[in-house]
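The values are calculated or read from the model by the stated rules, or taken from the named source; none is laboratory data. Remember, it's a predicted structure, so these values are computed and weren't measured experimentally. All Cβ positions, glycine included, derive from the backbone under ideal geometry; neighbour counts span all protein chains shown.
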Amino acid sequence: MNRKKAGAGVLVLLFSISVVAVVFLFNGGPINPNGSGENVIEPHEYNYLNWWDIAYEIDSSGEYLTPLGVLGQSYRNRGMGSTNYYGAANYMIGQFEELGLDVNYWGEHDSVVAYQEGYGSDNRAIVFIAHLDTLPVSNGVNDNAGGVAVVHQIAGTLSQYRLPVDIYYCLTNANMEYLDDQHKNKALWGAKEISARLVNEGVDVVAFFNLYHLLYYDYDQPQNQRIIVEHHSEDFHGYHNTSQLVDLFQQHIRKSGLNIVSSLMRISTDHDHIPFWQAGFPGISIYGGHVPDPDFPPSDVVTSPDYNHTQAQLVGKALSATAVYIALQGNGENTHNKLESAIAPGATKYLRTVLNVPQALVVNGTSSENSVIQVTVHNGSQPYFYQETLENKTEFQFTTDEIPIGPLTIAVRNRAENATFVGIYLEYLSDLDGDGILDKNEYTWPPPQPPLDWDGDGLPDSEEDDAGTDIFVWDTDQDGIKDGTEVQYGMNPLIDDAEDDLDGDTILNYRELELGSLPNDTDSDQDSLPDSWEYEYGTNLLINDRDEDPDNDTLTNYEEYQYGSHPFREDGDFDGINDPQEIDLGTDPLSDDSDQDGIKDRIEVIEGLNPLVPDNDVDLTLDGLDHNPRLNNILIITLLTLVPVAIGTVIFWRRLQ
């Protein structure tokens, strides 16, 4: 007996294990406590960058390569006043207009100037310059289709921003004309006309950048002189109006990992920056530093192996970042700069900036657990302002001694054997023009109207954080609906709810948005006709059409809805009785057999039967199956049965008597 009980117990145990195993195998995984529609949301990589670093990362290579190819192939020999000049000028006008910029000819010599309006309330502006014309017989690729292409590349990047300062993109004419037969003094008429107009209009140019000869590259010449930056005398004009712009540009271009820029103080170069300097505007001139061999000049074509388009595009990236950095200084805030990055073992990441006010810095940081990082603060000279190795410091803070103006670099080296994620956060004073008034007090601007919305999702940047959405992603939960739309209608921008039905009207959220109806309102147009009914029968969900009568049957849409009839059919069920008659009769205007007895309503009316009673003669047989729906079969059978019985009974009774 005990053996039998033990065997039974083993069988029960094996059965239980099998049931548990089957349940486990068929279970798709643990239940998501946040709901089945929630996505794993990865932040856009731009969230880890400063706004000016984003300008460096934006891919505007097409904005460089396209005009370069067209100018270098279709519009060579762009001499002043030539057909090719105006062909090239009109082409570039079209290119700038495609970016949404306002473009016009400026001056008697028809330079091309594109304008990007800022939302600030002052007259500050940043200017980019490249000459469009060439010598009378010249392909004009290196001189200066490359410079024009870089200006357009910069416009392609900055036009994606809304900045508080104005931006001017200037393509000058008459740069290659001379005032003397010896070709010593360039006319520079285009640059003179543009700079004079800016002065006359009271434009406060806070920085200008002139670009030309950017393409030539020689492997054998010094690599740190591939790009030359020419600036005004620091002794006469001060650091802030001269070398500061060089340092900002150089710090941004070093994001590439290349050290290809050298600076040069010179005031004798006869080029388009000269009239701007003479107008009192701070700025720099940027050009290629490698010099071709005059005995073996490069072929001046776009595909020349001696031309390096990467270095030209790096100039465009760095200048875009420089412009955003300059434009965002002020408005009641110190400068906030950050480095947020994963760092591989043995690798180093850098936070690069420029100080224009001597100051001690308070540096805050974070790092992953079990990290070993070495943090160094320097400006390219010894000794370091700070250097320390931090082990397993998930949060840290340190203060430096006073640091002079100029370039500043914070280097973070990962000395652990595992990757780590590091954050370095820096806040510092800024005085761009060196007038002793901090930018936060000198430059202010009103909130932009409409509000800034980087990803164009209809949700202002200032509200994305509260909503938990990504400022750089128009559809954070990837359900095909813009974040702003989801917030507007009470949907969840963090969960894929496109195929949910928020208002319970049987129309899915995504379909409501396609139709233009409201996903959070069962009657979008407030006409007392539910969206679900209007959608089903094809009336307009977006306008009040309750009193319309599209089928001319004397019933309004609202009455058709109330009575359950069809708004676009005079006879909704095609039974030969129009809807108003059916309503008078009480029959179903959408069913040709209201009582479901097998006989159509119209036949019942003609035959005098009740279309609402499935068994007119109450003989327990549906009229459609009854050979004579007016005659009660049960009564006939009863009579046919009872009459003989009654007669027989009477006869039988008499015989008994």
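Looking at Glu486, is it surrounded by fewer than 20 Cβ atoms within 10 Å (Cβ to Cβ), out of contact with any Cys (no Cβ under 9 Å at 6 or more places or on another chain) and of a type in the set (Asp, Glu)? For Glu486, the condition - surrounded by fewer than 20 Cβ atoms within 10 Å (Cβ to Cβ), out of contact with any Cys (no Cβ under 9 Å at 6 or more places or on another chain) and of a type in the set (Asp, Glu) - is not met.
Tell me, which residue of region 502-517 that is over 24 Å from the mean Cα position of the chain (by Cα) and either among the hydrophobic types (A, V, I, L, M, F, W, C) or not in a loop (DSSP other than H, G, I, E, B) (or both) is nearest to Ser532 (Cα to Cα)?
Selected residue: Ile507.
Once region 349-383 is narrowed to residues that are of a type in the set (D, E, K, R) and in contact with a strand residue (DSSP E or B) (Cβ under 7 Å, 6 or more places away or on another chain), the residue that is surrounded by the fewest Cβ atoms within 10 Å (Cβ to Cβ) is Lys349. Considering Met80, Met92, the condition of being more than 37 Å from the chain's Cα centre (by Cα) and under 25 Å from Leu198 (Cβ atoms) is satisfied by Met80 alone. Would you pick out the residues in region 398-407 that are surrounded by fewer than 12 Cβ atoms within 10 Å (Cβ to Cβ) and either among the polar types (S, T, N, Q) or outside the structural domain of Thr420 (by TED's automatic domain parsing) (or both)? Correct list: Thr399 only. Give the residue that is farthest from Tyr219 (Cα to Cα), with candidates limited to residues of region 257-293 that are among the acidic types (Asp, Glu) and surrounded by fewer than 17 Cβ atoms within 10 Å (Cβ to Cβ). The qualifying residue farthest from Tyr219 (Cα to Cα) is Asp270. For region 317-338, the criterion of being under 23 Å from Ser243 (Cα atoms), surrounded by fewer than 21 Cβ atoms within 10 Å (Cβ to Cβ) and of a type in the set (Lys, Arg) is satisfied by no residue at all.
Table: residues versus (1) over 16 Å from Leu339 (Cβ atoms); (2) assigned by TED's automatic domain parsing to the domain that holds Val206; (3) not in a loop (DSSP other than H, G, I, E, B).
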site	(1), (2), (3)
Gly365	no, no, yes
Glu369	yes, no, no
Phe396	no, no, yes
Val412	no, no, yes
Asp435	yes, no, no
Lys440	yes, no, yes
Trp445	yes, no, no
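One residue stands out among those in region 76-98 that are without any contact (Cβ under 8 Å) to a residue 24 or more places away in the chain and buried (at least 17 other Cβ atoms within 10 Å of the Cβ): the one that is farthest from Gly147 (Cα to Cα), which is Asn84.
Between Glu193, Glu177, the distinction of being within 28 Å of Asn123 (Cα to Cα) and not polar (S, T, N, Q) belongs to Glu193 only.
Yes or no, residue by residue, for (1) closer than 23 Å to Ala360 by Cα; (2) not in a loop (DSSP other than H, G, I, E, B); (3) not acidic (Asp, Glu):
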{"residue": "Pro407", "(1), (2), (3)": "yes, yes, yes"}
{"residue": "Glu417", "(1), (2), (3)": "no, no, no"}
{"residue": "Leu432", "(1), (2), (3)": "yes, no, yes"}
{"residue": "Pro448", "(1), (2), (3)": "no, no, yes"}
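Residue-wise test of (1) modelled with pLDDT under 95; (2) closer than 21 Å to Ala312 by Cβ; (3) among the hydrophobic types (A, V, I, L, M, F, W, C).
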residue	(1), (2), (3)
Pro222	no, yes, no
His232	yes, no, no
Gln244	no, no, no
Ala279	no, no, yes
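Taking region 130-160 as the range and being farther than 20 Å from Asn84 by Cα and out of contact with any Leu (no Cβ under 8 Å at 6 or more places or on another chain) as the test, the residues that pass are Gln153, Thr157, Leu158, Gln160. Anything in region 384-397 that is of a type in the set (A, V, I, L, M, F, W, C) and surrounded by 16 or more Cβ atoms within 10 Å (Cβ to Cβ)? List them, or say none. Result: Phe385, Leu390. Considering region 222-324, the qualifying strands (runs of 3 or more DSSP E), each wholly inside and each with 2 or more residues that are in contact with a Ser or Thr (Cβ under 6 Å, 6 or more places away or on another chain), run over 227-231. If you go through region 461-491 and keep only what is of a type outside the set (D, E, K, R), assigned to a loop (DSSP other than H, G, I, E, B) and free of Cβ contacts under 8 Å to residues at least 24 places away in the same chain, you end up with just Trp474.
Yes/no matrix, rows are residues, columns are (1) at pLDDT 95 or above; (2) among the β-branched types (Val, Ile, Thr); (3) surrounded by fewer than 14 Cβ atoms within 10 Å (Cβ to Cβ):
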position	(1), (2), (3)
Tyr168	yes, no, no
Asn175	no, no, no
Ala187	no, no, no
Lys192	yes, no, no
Val203	yes, yes, no
Leu215	yes, no, no
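Cβ-Cβ distances below 7 Å connect the following pairs, each with a first residue in region 439-451 that is of a type in the set (Ser, Thr, Tyr), a second residue that is in a loop (DSSP other than H, G, I, E, B) and exposed (fewer than 12 other Cβ atoms within 10 Å of the Cβ), and a separation of six or more residues or different chains: Thr444/Gly332. Residue pairs whose Cβ atoms lie under 7 Å apart, separated by 6 or more positions or on different chains, with the first residue in region 260-281 and assigned by TED's automatic domain parsing to the domain that holds Lys192 and the second part of a loop (DSSP other than H, G, I, E, B) and among the small types (Gly, Ala, Ser), are Ser262/Gly289; Met265/Ser233; Ile267/Ser233.
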